[in-house]
Amino acid sequence: MTAAKPWLAQYEAGVPAEINPNEYTSLVDLLDQSFKQYASRDMAAFMEVRWTFAQVDELSRAMAAWLQSKGLSKGARVALMMPNTPQYVVAIAAVLRAGYVVVNVNPLYTPRELEHQLKDAGAEAIVILENFAITLQDVVDRTPIKHVVMASMGDMLPFLKGAIVNFVVRKVKKMVPAFRIPTTGGRTVTSFNDVMAQGRNLKYTRPKLVATDVAFLQYTGGTTGVSKGATLLHRNVVANILQNEAWFKPEITKLGNAPMTVICALPLYHIFSLTVCYFMGARMGSMNVLIANPRDIPGFIKTLKNYKVNQFPAVNTLFNALANTPEFAQLDFSGLKVSMGGGMAVQQATAEKWMKITGCPIVEGYGLSETSPVATANRLDNKAFNGTIGFPLPSTEVAILDDDGNHLEIGGVGEISIRGPQVMAGYWNRPDETAKVMTADGFFRTGDIGVMDPTGQIKIVDRKKDMILVSGFNVYPNEVEQVVNMHPGVMECAAVGVADDKSGEAVKIYVVRKDETLTEAALKSFCHEQLTGYKCPKYIEFRADLPKTNVGKILRRELRDEKKAA
């Protein structure tokens, strides 16, 4: 079935069937080309200050030289623990250009989570924003960290503005808890600005990299158990950049060669933002508008007023939050050409609200940390929400497998499995875990259940483990949530299975109301109009909010665990 690749006939004119993943030996080659080609263009914007590609080139080279001066071997792991700030933009390029491996760390991790990741990765250095240094303080002596680069929010801003920002962050908002990083065992702690000053006077040596060298250890969110590092080679990420570029090309061509403005609100430690915002931005000469705290919706909207935005990648929860804020609708959307949804299922209700406000449809794609990340996407010229994750990208095969690894025919429901140059080399130091997800013929088993139609378009039915079994019938939470979210009184929701004496399991829905007068009876009645009986929620619980990952994915697992503990 996969040999036929029915999806190729559905590609937009100009999108190739294959890309050449060997076009660049490494991400460093790709970045070097962009730094030269787009030297005078703006690469990043933050707090109304902009940095050109040439400036990021110079700054990242200085940091790379400083890191090399510490005697780290080629392939050493360097952790980055920051929200979206200009220091992060510099550090990603610096670590790669030094010949090291980037280990992206969620800055909101607890000490336990941070310790696990630093030890598991074997990270010898970390670049961290001081706001989160107290977390590192608690565990650093139990990790391999030898060098700490301490950044402050105002580091890269003009002197006076930077001083004011640091004063407000530290003294007014009190966002930097007191900390002391121990320097036992010769550990160094150096400020970001000192690293820059020293690095400018140090010799930088361009590393000899090959396509199979490791570029990133991208840790999975831990929603399926212990957090594991997906080992992404330079070739994997290069391939995905080129795959995305090929997919975007027909629409981007329509814009001419004008520099594009991209909203980088998803955290750069997340693979979606890393590839689609950072590396695609570098490849295409775009400017990323860095949003450090996208949960501050008023502040976010205030920032958006300053830019004519062309691309807006986000997750459903962020699209939904903005679409439900009246001030957002007052913005100028005349430049918005692409709204990309990923990371979680885009809800129809959200997509329709967004389209009504912006005039730009949300184009849904699909991927995972293990696939660098994008594997499938809808055509960018789609004008209406279709509830699918689209077609496999160039050089990508998708198969639907049964539990025994057999390829199912078109229309069969099974596990979405992916083969292509963007698929990881495996989980870092976990051959047993790698063996569980890789088939003998090179397909990565995603854990998501889906179906492919005759055109090659794929629809996710659900996560394997999230499926609810009601009296022997499969109920997929995504379907229930899609319906509940269509109710005008609902802001967002999550469906889980709970134990039930009669049916084994029953559907329970947790709901955040948009209309406080919405009742359980009214919502149940609405569901019965849209869903067959066994799929309807037996229980409804209204809540002020729902547990989410820092990327905005709703954590059904936490709701399930909470119910079990009760």
Radius of gyration and Dmax for the stretch 446-497's Cα atoms, expressed in Å?
12.8, 37
Rh by Kirkwood over Cα pairs, then Stokes-Einstein D for the stretch 364-454 at 0.692 mPa s and 37 °C, µm²/s:
240 µm²/s
Can you give me the angle between helix 53-69 and the longest principal axis of the chain, using Cα atoms only, in degrees from 0 to 90, rounded to the nearest 10?
70 degrees
Projected convex hull area of the stretch 146-202, Cα atoms, direction-averaged, in nm², equals 4.7 nm²
May I ask you to compute the full-extension gain from residue 464 to residue 329, defined as 0.36 nm times their residue separation minus their alpha-carbon distance, rounded to one decimal in nm?
44.9 nm
Around residue 127, which amide H atoms from residues at least 5 apart in sequence, or from another chain, sit under 5 Å from its own amide H, with H modelled in the peptide plane?
79, 80, 81, 149
What does the charge count around residue 374 come to, taking other residues whose C-beta lies under 13 Å from its C-beta (Lys +1, Arg +1, Asp -1, Glu -1)?
-3
Under a Cβ-only charge scheme (Lys and Arg +1, Asp and Glu -1), can you give me the dipole magnitude of the chain about the Cα centre, in debye to the nearest 20?
1680 debye
Of the convex hull drawn through the C-alpha atoms of the stretch 507-547, the volume per residue in Å³ is 73 Å³
Anything over 31 Å Cα to Cα? Flag those among 171/308; 36/308; 337/524; 171/564, in the order listed.
171/308; 337/524; 171/564
Between the helical axis of 86-97 and the dominant principal axis of the chain, each derived from Cα atoms, what acute angle in degrees is found, rounded to the nearest 10?
80 degrees
Compute the normalised compactness of the stretch 290-431: alpha-carbon radius of gyration over 2.2 N^0.38 Å, N being the residue count.
1.22
Which percent of the Cα-Cα distances in the stretch 172-223 go past 15 Å?
77 percent
How many Å³ per residue does the convex hull of the Cα positions in the stretch 235-282 occupy?
75 Å³
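In Å², and per residue, what accessible area does the stretch 1-119 have when probed at 1.4 Å with the other protein chains present? Each step should come with its number before you reach the end.
Numbers: 4180 Å² over 119 residues.
That works out to 35 Å² per residue.
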Within the stretch 193-213, the residues whose backbone N lies under 18 Å from a label point placed 7 Å from the Cα of residue 163 along the Cα-to-Cβ direction are 193-194
Rounded percent of accessible protein surface that carbon and sulfur make up, the stretch 18-102, 1.4 Å probe
42 percent
Among 166, 292, 257, pick out the residue whose Cα is farthest towards the positive end of the charge dipole of the chain, where Lys and Arg carry +1 and Asp and Glu carry -1 on C-beta, about the Cα centre.
166
Rg over Rh [alpha-carbon atoms, Kirkwood Rh] for the stretch 128-280:
1.01
Given N residues in the stretch 259-311, what is Rg(Cα) / (2.2 N^0.38 Å)?
1.09
Rounded to one decimal in Å, the inverse mean reciprocal Cα-Cα distance for the stretch 34-187, i.e. its Kirkwood radius, is 16.2 Å
Ratio Rg/Rh [Cα only; Rh per Kirkwood] for the stretch 200-266:
1.10
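Tell me, in nm to one decimal, what length is gained between residue 520 and residue 20 on full extension, where the rule is 0.36 nm per residue of separation less the Cα-Cα distance?
Fully extending the segment from residue 520 to residue 20 adds 174.6 nm.
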Rh (Kirkwood; distinct C-alpha pairs) - the stretch 384-511, Å:
16.5 Å
For residue 24, the accessible surface traced by a 1.4 Å probe with all protein chains present amounts, in square angstrom to the nearest 10, to 20 Å²
If you scale each eigenvalue of the Cα gyration tensor by 5 and take the root, what three semi-axes come out for the stretch 408-475, rounded to whole angstrom and sorted largest first?
25, 17, 9
Kindly report the accessible area of the stretch 261-349 per residue (heavy atoms of protein chains, probe 1.4 Å, no ligands, DNA or RNA), in Å².
29 Å²
Give me the angle, in degrees from 0 to 90, between the Cα long axis of helix 520-530 and the longest principal axis of the Cα atoms of the chain, rounded to the nearest 10.
80 degrees
Convex hull of Cα atoms in the stretch 193-324, direction-averaged projection (nm²)
11.7 nm²
Summarise the long-distance tail of P(r) for the stretch 254-371 by giving the % of C-alpha pairs beyond 21 Å.
32 percent
For the chain, what does the convex hull of the Cα positions come to per residue, in cubic angstrom?
157 Å³
19 Å reach of a label modelled at residue 227, 7 Å along Cα-to-Cβ, counting backbone N of the stretch 245-285:
266-275
Normalised Cα Rg of the stretch 1-58, dividing by 2.2 N^0.38 Å with N its residue count, works out at 1.75
For the stretch 407-502, with all protein chains present and a 1.4 Å probe, just round the carbon and sulfur fraction of the accessible area to a whole percent.
57 percent
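What percent does the relative contact order of the chain come to when contacts are Cα pairs within less than 8 Å and at least six residues apart?
Here the relative contact order equals 12 percent.
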So which lysines can residue 119 reach, going by Cα to Cα under 28 Å and dropping same-chain residues fewer than 8 places off?
70, 74, 146, 208, 228, 436, 548, 553
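The values are calculated or read from the model by the stated rules, or taken from the named source; none is laboratory data. Bear in mind the structure is a predicted one, so any value in this text is a computation, not a measurement. Please note: Cβ atoms are built from the backbone with ideal geometry, for glycine as well, and neighbour counts cover all protein chains shown. Heavy atoms of the whole protein, side chains included, go into the accessibility calculation; ligands, DNA and RNA do not. Shrake-Rupley method; radii C 1.70, N 1.55, O 1.52, S 1.80 Å.
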